[in-house]
Amino acid sequence: MDEGRKRVLLIAASILAARKLAQYDGGTRVPEKAMEGVTKKYVGQTQQSANPSPFCSSNSQRFHYTSAMTFWDEVLAIFLGDVFASVLLIVLYVMIQWFLRATDVTVAYNWSFTGPNFYPNFDIRNRSGSRTYLLANIAYTRNDGREKVWFDNDSIMDEGLPPGSIRGRKFKIVPVKGLTTAQEAMNLEVTVRLQNGRAFWLTGVGPGQTKMSRTQRIAFWLRDRFEKAAIPLE
């Protein structure tokens, strides 16, 4: 075979091989199938790198809850949130102040007597670090305050309780009128009143009078814990 015929056969074989590559492969041309694979692989990676997090998706309405709100709706929502937070802080402040005032003063006593005369010896403490209280009178009652026995308006009137003070030992308490026996004294309830009119949680704890409500016990227990731990509340 001469050289010219060999060259023609080589060219024909090359053309035949190129046509085979361009033929269909399962309904899809091989070059087109390869291009589709490249497109899916690299174009998908490009889109993923452009949006690394689902929260950065172009579909902003899906992830931004305020997208449907107008400008004035957002202003109103922010205003109402600020009002609610302010009211919550005020309520918390009022509750702390009430707790402090309700547990500032504690009253304890025991009974002394001279002949047939009975009178209480007080231990009155002011645990406040800034408030001074003025005492007014002593109320003697029975049956949870329903039965009034006597009011002593002279013995402790105008006596002051400076911050952090303990008073009562030097008070000259007038003997309780109508008492002649220790048993009668033990059945009395002794309550100290302040000049601002408050008698709440100021019933003394002493012989014959040791009962206390659960709320009062919890409140004074918390105050004792705060005092012992030196936690500033004022």
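Look through segment 139-164, keep the residues that are farther than 15 Å from residue 203 by Cα and in a strand (DSSP E or B), and return whichever of them is farthest from the chain's Cα centre (by Cα).
Restricting to residues being farther than 15 Å from residue 203 by Cα and in a strand (DSSP E or B), the top hit is 160.
Pick from segment 181-217 the residues that are surrounded by fewer than 18 Cβ atoms within 10 Å (Cβ to Cβ) and hydroxyl-bearing (Ser, Thr, Tyr): which of them is nearest to residue 127 (Cα to Cα)?
Checked segment 181-217; the qualifying residue nearest to residue 127 (Cα to Cα) is 215.
In segment 67-105, which residue that is in contact with a Phe, Trp or Tyr (Cβ under 9 Å, 6 or more places away or on another chain) and not in a helix (DSSP H, G or I) is nearest to residue 125 (Cα to Cα)?
Once the filter is applied, the top-ranked residue is 105.
In this structure, does residue 198 turn out to be of a type in the set (D, E, K, R) and part of a strand (DSSP E or B)?
It is false that residue 198 is of a type in the set (D, E, K, R) and part of a strand (DSSP E or B).
From the list 182, 219, which one is more than 21 Å from residue 137 (Cβ to Cβ) and touching a helix residue (DSSP H, G or I) at 6+ places or on another chain (Cβ under 6 Å)?
219
Could you list all residues from segment 178-195 that are assigned to a loop (DSSP other than H, G, I, E, B) and touching an Asp or Glu at 6+ places or on another chain (Cβ under 9 Å)? Before you say what the answer is, go through the steps one by one.
As a first pass, look at segment 178-195 and keep what is assigned to a loop (DSSP other than H, G, I, E, B): 178-181, 187-188, 195.
Within segment 178-195, 178, 195 meet the criteria.
Could you tell me whether segment 43-55 includes any residue that is at pLDDT below 95 and surrounded by 11 or more Cβ atoms within 10 Å (Cβ to Cβ)?
Scanning segment 43-55 turns up at least one residue that is at pLDDT below 95 and surrounded by 11 or more Cβ atoms within 10 Å (Cβ to Cβ).
Residue 173 versus (1) surrounded by 14 or more Cβ atoms within 10 Å (Cβ to Cβ); (2) at pLDDT 95 or above; (3) within 42 Å of the chain's Cα centre (by Cα): which is the lone unmet condition?
Status for residue 173: all satisfied but (3).
The values are calculated or read from the model by the stated rules, or taken from the named source; none is laboratory data. Worth saying up front: this structure is predicted, and the values here are computed from it rather than measured. Cβ atoms come from the backbone with ideal geometry, glycine included; neighbour counts cover every protein chain shown.
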